[in-house]
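Worksheet for the structure shown next.
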Amino acid sequence: MKYWRLLISFVLATVLFLFPLSAEAASSSSITRSVGNDELKGKDYSGQSLIGTEFTNLKLENANFSNANLRGGVFNGSVLEGVNLHGADFSEGIAYLTRFKNADFSDAVFTDAMMLRSTFDGVNITGADFTNAILDGIQVKKLCVKATGVNSKTGVDTRESLGCN
(Lines give C-alpha, C1' and ligand atoms only; values in the text may rest on other atoms or scores of the structure.)
Protein backbone atom coordinates (compact mmCIF):
# COMPACT_ATOMS: atom_id res chain seq x y z
CA MET A 1 0.00 0.00 0.00
CA LYS A 2 2.81 2.42 0.93
CA TYR A 3 4.63 1.58 -2.34
CA TRP A 4 1.54 2.38 -4.39
CA ARG A 5 1.04 5.73 -2.65
CA LEU A 6 4.64 6.70 -3.36
CA LEU A 7 4.29 5.62 -6.98
CA ILE A 8 1.05 7.56 -7.42
CA SER A 9 2.62 10.64 -5.79
CA PHE A 10 5.58 10.46 -8.15
CA VAL A 11 3.39 10.00 -11.24
CA LEU A 12 1.09 12.90 -10.26
CA ALA A 13 4.02 15.21 -9.53
CA THR A 14 5.62 14.29 -12.88
CA VAL A 15 2.39 14.88 -14.80
CA LEU A 16 1.84 18.26 -13.12
CA PHE A 17 5.44 19.25 -13.85
CA LEU A 18 5.36 18.17 -17.50
CA PHE A 19 1.83 19.36 -18.23
CA PRO A 20 1.07 22.44 -16.12
CA LEU A 21 -2.51 23.62 -15.89
CA SER A 22 -3.58 25.97 -18.63
CA ALA A 23 -4.47 29.59 -17.92
CA GLU A 24 -8.09 28.66 -18.57
CA ALA A 25 -8.07 26.09 -15.76
CA ALA A 26 -6.45 28.57 -13.40
CA SER A 27 -9.22 31.08 -13.96
CA SER A 28 -11.57 29.45 -11.44
CA SER A 29 -12.75 31.53 -8.55
CA SER A 30 -9.90 32.50 -6.32
CA ILE A 31 -9.50 34.10 -2.91
CA THR A 32 -6.01 35.42 -2.29
CA ARG A 33 -4.19 37.54 0.24
CA SER A 34 -5.45 40.71 -1.49
CA VAL A 35 -8.84 40.15 0.15
CA GLY A 36 -7.35 40.91 3.54
CA ASN A 37 -6.77 38.21 6.11
CA ASP A 38 -8.80 39.89 8.85
CA GLU A 39 -11.93 39.68 6.71
CA LEU A 40 -11.61 35.89 6.46
CA LYS A 41 -10.99 34.96 10.10
CA GLY A 42 -14.05 33.18 11.44
CA LYS A 43 -15.87 33.53 8.10
CA ASP A 44 -18.86 31.22 7.61
CA TYR A 45 -18.69 29.15 4.41
CA SER A 46 -20.85 26.35 5.84
CA GLY A 47 -22.99 24.47 3.33
CA GLN A 48 -21.73 26.55 0.41
CA SER A 49 -20.72 25.23 -3.01
CA LEU A 50 -17.07 26.22 -3.37
CA ILE A 51 -16.13 23.78 -6.13
CA GLY A 52 -12.68 24.59 -7.51
CA THR A 53 -12.19 27.66 -5.31
CA GLU A 54 -8.59 28.54 -4.55
CA PHE A 55 -7.53 29.89 -1.15
CA THR A 56 -3.94 31.09 -1.50
CA ASN A 57 -1.65 32.46 1.22
CA LEU A 58 -4.48 33.17 3.64
CA LYS A 59 -5.07 32.98 7.36
CA LEU A 60 -8.47 31.34 7.71
CA GLU A 61 -8.46 30.85 11.47
CA ASN A 62 -11.75 29.54 12.85
CA ALA A 63 -13.45 29.66 9.43
CA ASN A 64 -16.49 27.40 9.13
CA PHE A 65 -16.50 25.11 6.08
CA SER A 66 -18.82 22.52 7.65
CA ASN A 67 -20.79 20.58 5.04
CA ALA A 68 -19.32 22.75 2.25
CA ASN A 69 -18.68 21.35 -1.21
CA LEU A 70 -14.97 22.00 -1.72
CA ARG A 71 -14.46 19.40 -4.48
CA GLY A 72 -11.36 20.26 -6.49
CA GLY A 73 -10.63 23.20 -4.20
CA VAL A 74 -7.14 24.44 -3.38
CA PHE A 75 -5.60 25.56 -0.11
CA ASN A 76 -2.11 26.75 -0.96
CA GLY A 77 0.24 28.13 1.68
CA SER A 78 -2.66 28.92 3.99
CA VAL A 79 -3.20 28.66 7.74
CA LEU A 80 -6.40 26.84 8.72
CA GLU A 81 -6.10 26.93 12.49
CA GLY A 82 -9.30 26.01 14.33
CA VAL A 83 -11.14 25.59 11.02
CA ASN A 84 -14.35 23.52 10.90
CA LEU A 85 -14.45 21.09 7.96
CA HIS A 86 -17.00 18.75 9.59
CA GLY A 87 -18.86 16.89 6.83
CA ALA A 88 -17.13 18.88 4.06
CA ASP A 89 -16.32 17.28 0.71
CA PHE A 90 -12.71 18.06 -0.29
CA SER A 91 -12.51 15.24 -2.86
CA GLU A 92 -9.87 15.79 -5.56
CA GLY A 93 -8.73 18.91 -3.70
CA ILE A 94 -5.20 20.14 -3.17
CA ALA A 95 -3.79 21.36 0.13
CA TYR A 96 -0.14 22.27 -0.38
CA LEU A 97 2.00 23.85 2.34
CA THR A 98 -1.12 24.32 4.42
CA ARG A 99 -1.19 24.22 8.20
CA PHE A 100 -4.21 22.55 9.75
CA LYS A 101 -4.07 22.99 13.52
CA ASN A 102 -6.88 22.07 15.92
CA ALA A 103 -9.16 21.63 12.91
CA ASP A 104 -12.33 19.52 12.78
CA PHE A 105 -12.15 17.01 9.90
CA SER A 106 -14.83 14.76 11.39
CA ASP A 107 -17.01 13.01 8.81
CA ALA A 108 -15.29 14.92 5.97
CA VAL A 109 -14.38 13.36 2.62
CA PHE A 110 -10.82 13.75 1.29
CA THR A 111 -10.88 11.08 -1.41
CA ASP A 112 -8.25 11.54 -4.12
CA ALA A 113 -7.01 14.75 -2.44
CA MET A 114 -3.36 15.73 -2.67
CA MET A 115 -2.27 17.14 0.66
CA LEU A 116 1.51 17.18 0.43
CA ARG A 117 3.77 19.33 2.61
CA SER A 118 0.77 20.11 4.84
CA THR A 119 0.70 19.59 8.60
CA PHE A 120 -2.12 18.21 10.73
CA ASP A 121 -1.65 19.06 14.40
CA GLY A 122 -4.44 18.38 16.87
CA VAL A 123 -7.03 17.64 14.16
CA ASN A 124 -10.18 15.61 14.82
CA ILE A 125 -10.42 13.01 12.03
CA THR A 126 -13.20 10.85 13.48
CA GLY A 127 -15.07 9.34 10.53
CA ALA A 128 -13.00 11.16 7.88
CA ASP A 129 -12.43 9.36 4.56
CA PHE A 130 -8.91 9.71 3.11
CA THR A 131 -9.28 7.05 0.39
CA ASN A 132 -6.52 7.51 -2.21
CA ALA A 133 -5.50 10.82 -0.63
CA ILE A 134 -1.81 11.59 -0.82
CA LEU A 135 -0.21 12.89 2.37
CA ASP A 136 3.37 12.95 3.62
CA GLY A 137 4.22 9.70 5.39
CA ILE A 138 5.02 11.34 8.71
CA GLN A 139 1.62 13.05 8.70
CA VAL A 140 -0.15 9.75 7.94
CA LYS A 141 1.60 8.16 10.94
CA LYS A 142 0.52 11.09 13.12
CA LEU A 143 -3.11 10.77 11.94
CA CYS A 144 -3.16 6.98 12.34
CA VAL A 145 -2.52 7.39 16.07
CA LYS A 146 -5.97 8.97 16.48
CA ALA A 147 -7.87 7.53 13.50
CA THR A 148 -11.30 6.14 14.44
CA GLY A 149 -14.81 5.95 13.04
CA VAL A 150 -16.57 5.38 9.74
CA ASN A 151 -17.60 8.10 7.31
CA SER A 152 -21.40 8.50 7.21
CA LYS A 153 -21.50 9.31 3.47
CA THR A 154 -19.01 6.81 2.04
CA GLY A 155 -19.16 4.06 4.69
CA VAL A 156 -15.34 3.92 4.71
CA ASP A 157 -13.38 3.29 7.91
CA THR A 158 -10.97 6.15 8.68
CA ARG A 159 -8.06 3.84 9.63
CA GLU A 160 -8.45 1.82 6.43
CA SER A 161 -8.64 4.93 4.26
CA LEU A 162 -5.32 6.14 5.70
CA GLY A 163 -3.70 2.71 5.31
CA CYS A 164 -3.00 2.43 9.04
CA ASN A 165 -1.57 -0.87 10.28
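The values are calculated or read from the model by the stated rules, or taken from the named source; none is laboratory data. Note that the structure is a prediction, hence the values are computed from the model and not measured. FYI the Cβ positions are ideal-geometry reconstructions off the backbone, even for glycines, and counts take in every protein chain you see. Quick note on the areas: whole protein, heavy atoms, side chains included, nothing else; ligands and nucleic acids left out. Shrake-Rupley method; radii C 1.70, N 1.55, O 1.52, S 1.80 Å.
Summary table
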quantity	calculated
Close pairs (7 angstrom Cβ cut-off, 6 or more residues apart or separate chains): under 19 Å from Gly149 (Cα atoms) in region 109-121, of a type in the set (Phe, Trp, Tyr) anywhere	Val109/Phe90; Phe110/Phe90; Phe110/Phe130; Phe120/Phe100
The lone exception for Val83 - which of (1) open to solvent by 10 Å² or more (accessible area, probe 1.4 Å); (2) touching an Asp or Glu at 6+ places or on another chain (Cβ under 8 Å) it fails	(1)
Residue within region 101-119 that is charged (D, E, K, R) and surrounded by 20 or more Cβ atoms within 10 Å (Cβ to Cβ) present	yes
Candidate set from region 50-67 (those that are at negative phi and open to solvent by 90 Å² or more (accessible area, probe 1.4 Å)); member that is modelled with the highest pLDDT	Ile51
Odd one out for Ala147 among (1) in contact with a Lys or Arg (Cβ under 6 Å, 6 or more places away or on another chain); (2) of a type in the set (A, V, I, L, M); (3) within 20 Å of Val79 (Cα to Cα)	(3)
Residue, least open to solvent (accessible area, probe 1.4 Å), within region 140-159, restricted to residues that are touching a residue at least 24 places away in the same chain (Cβ under 8 Å) and of a type outside the set (Val, Ile, Thr)	Asn151
Filtered residues of region 122-139 (kept if of a type in the set (Ser, Thr, Tyr) and free of Cβ contacts under 8 Å to residues at least 24 places away in the same chain)	none
Condition check for Gly163: without any contact (Cβ under 8 Å) to a residue 12 or more places away in the chain, open to solvent by less than 60 Å² (accessible area, probe 1.4 Å) and small (Gly, Ala, Ser)	no
